[in-house]
Each structure stands twice: as structure tokens, then as C-alpha cells.
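Beneath this line is the structure, given in C-alpha cells, with notes to follow.
Just so it is clear, none of the values below were taken in a lab; they were calculated from the coordinates. For clarity, every value in this text was computed on a predicted model and none was experimentally measured. For neighbour counting, all protein chains shown are included, and Cβ atoms are generated from backbone atoms with ideal geometry for every residue, glycine included.
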Amino acid sequence: MTKKRKVSFGIALAALLVLVFLIFFGDNGLLELIRKRNDHERLVAANQQLIQENSRLCRMVDRLQNDPAFIEDVARKELGMVRENELIFTFASHGKKQQP
């Protein structure tokens, strides 16, 4: 090989190596594409969970607006409410001693 060909070959090889480096590690390279795809999959999964939660909350709002039995159940569980003339019995725990 002549010296001119060796220099041309060296320049072409260096340019090829730079191009390969940019393809893999550049701002829009292959590694960035993989990161973006992983981020996208994570966001899609998070979005799906939010859609399900939103649907559950919409059903709950609808029931709170239209279902008296559900409203009563929520009021009893969350607010400790009782009906009129309803008796509540509280019992001492088995593990605790009663004071005289």
C-alpha cells in the first residue's frame, strides 16, 4: 500500500469509529433510544394505574351520589355514625385487666 492509501484508510477508519461511537453514545444514539423506551414503558404502566384509580374513584363518586345504602355504609365505617335508637356495646379486651 502506498503512503497516500494508508493515510486515506486511516482517515476513513477514524471517521467510521467516530460514526459508530456517535450511533451508540451520541445525544440521540442507541443507548438514549433504549432509555427513552424504558421511560415510555414505565410511564405507560403508571398511566394505566392512574386510569384504573380514576375509574374506581368515579364509581365511588357515583355511588356516593346515588346509593343510599353505600352512603350509610361509608358513614358508619369512616365516621362512626349510628342510626337513631341503635345501641352500641363495647367490650373489654381479653388481654387487658379491668380496673375495679
Checklist entry - Which of the following residues is part of a loop (DSSP other than H, G, I, E, B), free of Cβ contacts under 8 Å to residues at least 60 places away in the same chain and not acidic (Asp, Glu): Asn47, Asn28? => result Asn28
Next on the checklist: Given the condition surrounded by 10 or more Cβ atoms within 10 Å (Cβ to Cβ) and over 30 Å from the mean Cα position of the chain (by Cα), answer yes or no: does some residue in segment 44-57 qualify?
Outcome noted: no
